[in-house]
1. Any residue at all in region 19-33 that is at pLDDT below 95, surrounded by 15 or more Cβ atoms within 10 Å (Cβ to Cβ) and part of a strand (DSSP E or B)?
2. For region 160-171, does any single residue satisfy the condition of being under 17 Å from residue 204 (Cα atoms) and out of contact with any helix residue (DSSP H, G or I) (no Cβ under 8 Å at 6 or more places or on another chain)?
3. For region 178-213, give me each residue that is touching a residue at least 60 places away in the same chain (Cβ under 8 Å) and part of a strand (DSSP E or B).
4. Name every residue in region 180-195 that is surrounded by 19 or more Cβ atoms within 10 Å (Cβ to Cβ) and either more than 25 Å from residue 68 (Cα to Cα) or out of contact with any strand residue (DSSP E or B) (no Cβ under 6 Å at 6 or more places or on another chain) (or both), in order of residue number.
5. I'm trying to understand the selection: among the residues of region 143-158, which are assigned to a loop (DSSP other than H, G, I, E, B) and surrounded by 21 or more Cβ atoms within 10 Å (Cβ to Cβ)?
6. Quick check: anything in region 159-172 touching a residue at least 60 places away in the same chain (Cβ under 8 Å), under 17 Å from the mean Cα position of the chain (by Cα), buried (at least 19 other Cβ atoms within 10 Å of the Cβ) and part of a loop (DSSP other than H, G, I, E, B)?
């Protein structure tokens, strides 16, 4: 499948609608959204849904996040080119691609083996290369690669995993939706070895963050 002028036009319309929606001020984030061909991350029979601002089901009972939500979380993360970012929940790879477009060095963990295998092959095929894709438990983070400039969690967490906070650099940011059925988008900024600033940014709805019970 290709990225045609039609797709690019639909993508521009989507980004324009997100900009008009308000709330997203970072033009670098909107530009990254405009570059990532979202339709390639979805089954070809659902292409008409690729540039609608809605989440959509993918394999393993997961979803590709709503573009506005991707933009919202990414803006909160405040990514600078060269930043070392941990993504918890690789999923389709769409959020990962947006982070790579922003110049981030992305380390990503996926709990669903079906998605991990598919996305590990797919992302390089369309030109997006993460520093590392890992099959594992996102609640534990990636201590061997820590510390990180930023950590983004793309599934609803019933609580904030302590390992993720501990793997942030001082000055680093953790963006995580916290809650059970409905989540509160939460930002933690590490101010010191044991000091964190917490901010909350409204209600969202995510699939649950799965924990490795083994």
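The values are calculated or read from the model by the stated rules, or taken from the named source; none is laboratory data. Predicted model, so just to flag it, every value in this text is computed and none were measured. As a convention, Cβ positions derive from the backbone with ideal geometry for all residues, glycine included, and neighbour counts pool all protein chains shown.
1. Among the residues of region 19-33, not one is at pLDDT below 95, surrounded by 15 or more Cβ atoms within 10 Å (Cβ to Cβ) and part of a strand (DSSP E or B), which makes the answer no.
2. Looking for residues that are under 17 Å from residue 204 (Cα atoms) and out of contact with any helix residue (DSSP H, G or I) (no Cβ under 8 Å at 6 or more places or on another chain), one finds at least one in region 160-171, hence yes.
3. Within region 178-213, 185, 187, 201, 204 qualify.
4. Matches in region 180-195: 190 only.
5. Passing the criteria: only 154.
6. no
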